[in-house]
Amino acid sequence: MAKKTQNVNLLMECAKRFSQKPWYSVDWLNALMGRLAFLNDDEVNLILDLTESFQYLGLNDFNSMLHNAFNKIPVNRLNAATRILFAPLKSPYYTVEEKKWRKRLRAEGWNGQIMAPPSKSCDFIFRIMQIDYPVKYQPYAGKIVICTTSQDVESNFIDGTLVVLWDDFVGSGETAFTAIAGIQHYLYVNGKTTHENNYVVVSMCAMQGGIDILQYFNLDCFADNIYGKAISDDIRYSAAERAQRISFMQSAEKKVVRKALKEYSLGFEQSEAILSIMDRCPNNTFPIYWFKSQHNVAPIFYRQK
């Protein structure tokens with residue numbers, strides 16, 4: 001009876017605590033309770049504390065965030081550019097996973113004709129940006145060329161060009177760096193040499209760690225919202241308390257999403273993100289929120305619906 005009463009009290013607390021959040025619903029509450037059921041009090045309190053600060057970005061946020069991020073590019077850099085190319089942050093080359101995707105298509109009857117890498121979230125963001133493009137980016141309209149592919153970038157690139165690459169989220173920085181390296185290589189093999197200062201990344205939001213990695217390679221990333229690690233960078237707690245909270249999270253992961261531990265413990269590259277973009281969690285978000293549970297309980301937030 002005590003356990004049942006405790007569960008009812010927790011349910012009521014969660015309903016009261018999160019009812020005003022944009023993601024709140026009865027299904028969401030049931031998913032939260034389903035995962036908390038396997039945790040001890042310390043782990044439950046940690047998840048509730050993190051969930052209080054969880055960032056959920058909806059479609060209505062996108063355009064203003066993209067424009068705010070673009071406005072962080074130094075004006076003198078935009079003015080100095082002979083041409084400004086807008087393109088999605090996407091490599092022209094296939095990743096290992098995309099090669100598997102092509103192999104599956106062949107098995108299903110695809111004839112092998114050339115096709116672009118599969119659509120990514122940056123393609124969607126790029127289309128959203130273009131809705132208000134003539135108005136919000138008017139001061140540079142005479143310089144801007146919309147490029148949907150790396151082929152477009154290559155054909156429009158001239159000396160002094162600034163390539164602005166658009167995305168929704170920069171996490172560890174690995175994907176962004178790989179994409180830029182791919183675009184740079186594609187231009188090089190087509191006779192055009194570019195340098196790091198020819199590229200900037202514009203993203204709705206980013207992890208500080210990802211921005212730091214790109215800056216290490218002399219690449220700039222501008223984002224409207226910039227996040228630190230949700231536990232390790234939380235200065236409300238001492239170093240010892242933060243280490244203890246990390247151990248609570250790792251213990252919770254073992255109890256609920258054990259298969260996530262190899263690649264995604266604390267989020268990809270231990271990013272410790274607490275973020276979802278239109279019901280799609282980046283893999284940098286703590287996996288207890290989105291990874292498939294060994295107990296077959298629904299995710300608190302989805303990575304893909």
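Fully extending the segment from Gln250 to Asp132, taken as 0.36 nm per residue of separation minus the present Cα-Cα distance, adds 38.2 nm.
Close amide H contacts of Tyr199 (hydrogens built in the peptide plane, cut-off under 5 Å, sequence separation of 5 or more or a different chain): Val163. When nucleic acids and ligands are ignored and a 1.4 Å probe is applied, Leu48 ends up with an accessible area of around 0 Å².
Taken along the Cα-to-beta-carbon direction at a fixed 7 Å, the label points for Arg77 and Ala141 span 2.5 nm. When the charge dipole of the stretch 20-89 is built from unit charges on Cβ atoms (+1 for Lys and Arg, -1 for Asp and Glu) and taken about the Cα centre, the candidate among Ser64, Trp23, Leu46 whose Cα reaches farthest toward its positive end is Ser64. Under the simplified labelling scheme, the Tyr188-Glu174 pair shows an inter-label distance of 2.2 nm, with each label point 7 Å from Cα along Cα→Cβ.
Among the listed pairs Lys21/Lys255; Lys229/Lys292; Lys72/Lys292, a Cα-Cα separation exceeding 31 Å is found for Lys72/Lys292.
Each 5 Å bin from zero holds the following percent of Cα-Cα pairs in the stretch 1-72: 3, 13, 21, 21, 13, 9, 8, 6, 4, 2, 1, 0.
The 1.4 Å probe gives accessible areas that order Glu154, Glu263, Glu174, largest first, as Glu263, Glu174, Glu154. Rounded to the nearest 20 Debye, what is the dipole magnitude of the chain about its Cα centre when Lys and Arg each give +1 and Asp and Glu each give -1 at the C-beta? Using only the charged Cβ atoms, the result is roughly 880 debye. Shape verdict for the chain, please, from the Cα gyration tensor: rounded (a/c under 1.5), prolate (a/b greater than b/c) or oblate. Cα axes put the chain in the prolate bin. Kirkwood's formula applied to the C-alpha pairs of the stretch 119-238 gives a hydrodynamic radius of 15.6 angstrom.
Placing R0 at 41 angstrom, the Cβ-Cβ distance between His195 and Ser25 gives a FRET efficiency of 0.25 after rounding to 0.05.
Around the Cα centre of the stretch 148-305, unit charges on the Cβ atoms of Lys, Arg, Asp and Glu (plus for the first two, minus for the last two) sum to a dipole of about 1040 debye. Couplings for the stretch 153-167, taken from phi via the Karplus curve 6.51 cos²θ - 1.76 cosθ + 1.60 with θ = phi - 60°, read 4, 4, 6, 9, 6, 10, 4, x, 6, 10, 9, 9, 9, 9, 8 Hz in order; Gly and Pro are left as x. Quick note on the stretch 134-181: its Rg to Rh ratio, both from C-alpha atoms and Rh being the Kirkwood radius, is 1.00. Pair-distance distribution P(r) for the stretch 166-305, from all Cα-Cα distances in 10 Å bins starting at 0: 12, 35, 31, 16, 6, 1 percent.
Based on C-alpha pairs under 8 angstrom that are at least 6 apart in sequence, the chain has a relative contact order of 22 percent. The 3J(HN,Hα) values that the Karplus relation (6.51, -1.76, 1.60; θ = phi - 60°) gives for the stretch 189-195 are, in residue order, 5, 9, x, 10, 8, 10, 10 Hz. Gly and Pro appear as x.
The values are calculated or read from the model by the stated rules, or taken from the named source; none is laboratory data. This one's a predicted model, so the numbers in the text were calculated from it and none came from an experiment. For neighbour counting, all protein chains shown are included, and Cβ atoms are generated from backbone atoms with ideal geometry for every residue, glycine included. Note: accessible area is taken over every heavy atom of the protein model, side chains too, but ligands, DNA and RNA are not part of it. Shrake-Rupley method; radii C 1.70, N 1.55, O 1.52, S 1.80 Å.
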